[in-house]
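Read through the structure below, which is laid out as structure tokens, and then see the notes.
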Amino acid sequence: MSKRSQAYISIFAISILWGTIPLIVKTSDISSLGLVGIRTFVGSIFLLLFISKKKSNLKKLVKPGLTLGPLLAFHWVCMFESLNLNSVAVGIGLVFTFPIFIIFLNIVRGVHISTNQVALVILGFVGVYLLLDVGKIVSLLGVVYGLVSALTIAILILYGAPISLRLGGLNVAFSQVLIAALCLSPFTFQNIDWMLNNLAKSIFLGGILTGLGLAIYWFSVKILDPLAVGTITYIEPLTGVVLSSFLLSETLTFSQYGGFLLVILVGVLQVYSDTKSS
């Protein structure tokens, strides 16, 4: 199996798992800051077990970590707040406007983007918009949080992709999660009892969804274009919306089912288009 195929399969699988994050946010009785703090704390411990401990390697990670870490923490806090203030469909749909921000930022930077890739991103965004179901927006502040979260992750991806290529996806994941954990450490310690009482949930959120998830993400970005990865991760809001309809009794409309099918179609077209061009 080629590395590109491995990258697509990996990012597709982790995107499905990431779709469980809104359920964790909605069913946890602690603040967004506390939950993100626990996520980064457990995630940094998980990643520390797998990276090289050489002093020279760790020194190289300090500078990118100091930039990526606070950005990551800010992105997750805004995302969790958006999910708390609106339905899962609205919250996660807003966050996944980030590929549109990536296109905009690339245009500003003068980076060429293929017409096919732009078309796929926009088509995927239409699918996410249908999943979003604007009629369910109950908090404008939640909308702001969602859009800020999307802009932040777009900046993080564009800045982090070349660093990942140079230093390795696992190392970049560790550096940003560790610095994010340090930034949020006061909120983590305030909620240490919750973490110990919900150890399985904390390990799943921090170890699997954060540690393993980010390692897979940065591995994929080393091989695939960030926009291609963004198109595949449209699977995440799809999974989140479907799970919330079953487990949180959030009803789905006819247009949301249409969005569901469109997102699946875009994922298939992305892989087909990339395979053909390769």
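Is the C-alpha gyration tensor of segment 114-208 telling us rounded, prolate or oblate? Criteria: a/c under 1.5 is rounded; beyond that, a/b larger than b/c is prolate, otherwise oblate.
oblate
Quick one: putting +1 on the C-beta of Lys and Arg, -1 on the C-beta of Asp and Glu, what dipole do you get for the chain around its Cα centre, in Debye to the nearest 20?
With only Lys, Arg, Asp and Glu charged at Cβ, the dipole is about 1160 debye.
Exceeding 24 Å between C-alpha atoms, which entries from my cross-link table qualify? They are Lys3/Lys63; Lys26/Lys201; Lys26/Lys136; Lys26/Lys222; Lys3/Lys60.
Lys3/Lys63; Lys26/Lys222; Lys3/Lys60
Under Stokes-Einstein, with the Kirkwood radius over Cα pairs standing in for Rh, what whole-number D in µm²/s applies to segment 183-278 at 20 °C and 1.002 mPa s?
So the translational diffusion coefficient is about 132 µm²/s.
Local charge sum around Ile208 (other residues, Cβ-Cβ under 13 Å, Lys/Arg +1, Asp/Glu -1)?
+2
Where does each of Arg109, Arg166 land when they are ordered by accessible area, with a 1.4 Å probe and the largest first?
Arg166, Arg109
Take each uninterrupted DSSP H stretch in the chain, measure its Cα extent along the helix axis, and return the ones at 15 Å or beyond whose mean Kyte-Doolittle hydropathy is at least 1.0.
Sorted by number, the helices that extend far enough and score high enough are 32-48, 98-109, 115-132, 140-167, 169-183, 213-223, 235-247.
Work out, in µm²/s and without decimals, the Stokes-Einstein translational diffusion coefficient of segment 59-194 at 10 °C, 1.306 mPa s, Rh from Kirkwood over C-alpha pairs.
Rounded, D is 98 µm²/s.
When a/c is below 1.5 the answer is rounded, else prolate if a/b is larger than b/c, else oblate, so apply that to segment 1-82 with a ≥ b ≥ c taken from the square roots of the Cα gyration tensor eigenvalues.
Cα axes put segment 1-82 in the oblate bin.
Largest first, what is the accessible-area ranking of His75, His112 with a 1.4 Å probe?
Descending accessible area places them as His112, His75.
Please report, in Å, the Rg and the Dmax of segment 208-248, where both are computed over Cα atoms only.
When restricted to Cα atoms, segment 208-248 yields Rg and Dmax of 12.4, 36 Å.
I'd like to compare 33-43, 151-161: which one has the highest average count of other Cβ atoms within 10 Å, and what's the full order after that?
Result, highest mean Cβ count within 10 Å first: 33-43, 151-161.
Would you please calculate the Kirkwood hydrodynamic radius of the chain over all C-alpha pairs and express it in Å, rounded to one decimal?
18.7
Does segment 135-191 classify as rounded, prolate or oblate by the C-alpha gyration tensor (a ≥ b ≥ c root eigenvalues; a/c under 1.5 gives rounded; else a/b over b/c gives prolate, otherwise oblate)?
Note, shape of segment 135-191 comes out oblate.
When the accessible area of segment 38-168 is split by element with a 1.4 Å probe, what percent falls to carbon and sulfur?
73
I need the phi-derived Karplus couplings for segment 205-211: 6.51 cos²θ - 1.76 cosθ + 1.60, θ = phi - 60°, integer Hz, Gly and Pro marked x.
Residue by residue, segment 205-211 yields 5, x, x, 7, 6, 9, x Hz.
The values are calculated or read from the model by the stated rules, or taken from the named source; none is laboratory data. Here the structure is a predicted model, which means the values were calculated and not measured. Note that we place each Cβ from the backbone using ideal geometry, even for glycine, and neighbour counts take in every protein chain shown. Protein only, heavy atoms only, side chains kept; ligands, DNA and RNA dropped before computing areas. Shrake-Rupley method; radii C 1.70, N 1.55, O 1.52, S 1.80 Å.
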